[in-house]
Amino acid sequence: MSRATSAIHRATDIVFGVLYPGVDATTETMQMQREVRALSAAFYALVVSAIAGLLLFRDSVPAWGLISPGSIGLVASSLCAGIASALEYSRAMRCEATTLTLGRRLQRWFDTVVIALAHAGIAALMMLLLTAVVVQGVIGLRLDALTSTLVVALCAAAAAYAGTISGGNITMKSLSTLLAMFMVGGIVVAMLTTSEAEWWQLHFSELGTGDDFSSSVFNITFIVGGFLFASLASQIHSELRKWDVASLPSTRRNTTYVAWLFVGIGICLAGVGVVPVNVSLLFHNTFATGMAVLFGALLIGLRWWLDGFPKPFLLFSDGVMIAIIVAALFFWPIGAYNLAAFEVIAAGVIAMWIVIFLRHLAAASSDSDTPQAESSVPAEELK
């Protein structure tokens, strides 16, 4: 495999040397190298998908169906986005460290698989939404074989390019963005395609109780989203350790507890998808309740485990906990709205807290990299 790759690189260099003589600046910066790899990935995806399209499409086909630009484009985009993001993420991780423990290697493998699944899922969701818009907007549309092939090839190339760029720039903020895009996109698709038109009169978990496409989308979204949330916990732990080292010493601080609570929330989130409410009400509710308990423990314990963190944020966290409790009381015993409405309110408040927490953590860890001593020392002592 490496010999074939080297041969392709040598042949490419020869072609570029003949067509474009002169200095090549593609190796000057890491970002430029990544852009070149993304463009190369898009080109390979374009070629492979075009060949597959020419073999599959024989005549005019509808926009969506078993053999259609929508379904084939969905598969091609998902594969290209997942593979490209995994390869680029693995490359970036190899450049950061030379020796890793067994546990760290397993975590890297886990993160790589989850990141690939998240990118593949987002590409699939975007293709589903795009195809749904076309199908509903242009009723009866049929595409010839050449146009269908072109659509599939372009979608696969765009997915490969975006997956390479995103996979090489995985940070705490970007991973949280991927999580939000994946979760919101999956839930929206499940809501739009469900056959249970009155699910909202019960609870969100009703979306995952059937045997149809929407139920599969809903459950897979929670499973992959939970794994992605657990992967985000490792990024949060890394940033917390940077902040801990740069902060004033404290005997009460324990950033590991915070990271493990995030991991636990991610496991419970995945469990909600693994065990739908119609399979086992007990286990499903255990996972759902576990998320609430762990999140409550996180909000309560922050004042000790993150001793030295900005106090306005700790006050905000207490306000979030109070808001969720008040919303729960309005659900029961007051009965102002049903369970689905309470779940929407609680999910929105929790998502807001996570966003603000990540912003505070990113600001605190970035401030720890900035020299503080020069500004606090009198000018006379610096001479």
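The values are calculated or read from the model by the stated rules, or taken from the named source; none is laboratory data. Note that the structure is a prediction, hence the values are computed from the model and not measured. For neighbour counting, all protein chains shown are included, and Cβ atoms are generated from backbone atoms with ideal geometry for every residue, glycine included. The accessibility values were calculated without ligands, DNA or RNA, using every heavy atom of the protein model including side chains. Shrake-Rupley method; radii C 1.70, N 1.55, O 1.52, S 1.80 Å.
Mind checking which pairs have a first residue in the stretch 292-312 that is closer than 26 Å to G226 by Cβ and a second that is open to solvent by 50 Å² or more (accessible area, probe 1.4 Å) and of a type in the set (S, T, Y), Cβ under 8 Å, 6 or more apart or different chains?
Taking only residues 6 or more apart or on different chains, the pairs are G301/Y257; W305/Y257.
Open to solvent by less than 60 Å² (accessible area, probe 1.4 Å), in a helix (DSSP H, G or I) and within 30 Å of L128 (Cα to Cα): is that true of F218 in this structure?
Working: open to solvent by less than 60 Å² (accessible area, probe 1.4 Å): yes; in a helix (DSSP H, G or I): yes; within 30 Å of L128 (Cα to Cα): yes.
Yes, satisfied.
Select from the stretch 180-198 the residues that are assigned to a helix (DSSP H, G or I) and open to solvent by 20 Å² or more (accessible area, probe 1.4 Å) and list them in ascending order. Walk me through how you get there before you give the answer.
Just the residues of the stretch 180-198 that are assigned to a helix (DSSP H, G or I), to begin with: 180-193.
Once the filter is applied, which keeps residues that are assigned to a helix (DSSP H, G or I) and open to solvent by 20 Å² or more (accessible area, probe 1.4 Å), the stretch 180-198 yields A180, M181, M183, V184, I187, V188, M191, L192, T193.
In the stretch 199-213, what residues are over 20 Å from L339 (Cα atoms) and in a helix (DSSP H, G or I)?
Of all residues in the stretch 199-213, those over 20 Å from L339 (Cα atoms) come to 211-213.
Listed by number, the list holds a single entry, F213.
State all residues of the stretch 265-315 that are aromatic (F, W, Y) and under 22 Å from the mean Cα position of the chain (by Cα); if no residue qualifies, say none.
Here is the first cut: in the stretch 265-315, the ones aromatic (F, W, Y) are 283, 287, 295, 304-305, 309, 313.
Hits for the stretch 265-315 are F287, F295.
Can you tell me which of I139, I170 is part of a loop (DSSP other than H, G, I, E, B), aliphatic (A, V, I, L, M) and more than 28 Å from F222 (Cα to Cα)? Please lay out each step first, then the result.
Numbers: I170 fails: more than 28 Å from F222 (Cα to Cα).
The unique qualifying residue is I139.
How many residues, within the stretch 315-348, are surrounded by 15 or more Cβ atoms within 10 Å (Cβ to Cβ) and under 30 Å from L248 (Cβ atoms)?
Adding up the residues that qualify gives 4.
For the stretch 228-257, name all the residues that are surrounded by fewer than 22 Cβ atoms within 10 Å (Cβ to Cβ), more than 18 Å from D111 (Cα to Cα) and touching a residue at least 24 places away in the same chain (Cβ under 8 Å).
K242, V245, A246, S247, L248, S250, R252, R253, N254, T255, Y257
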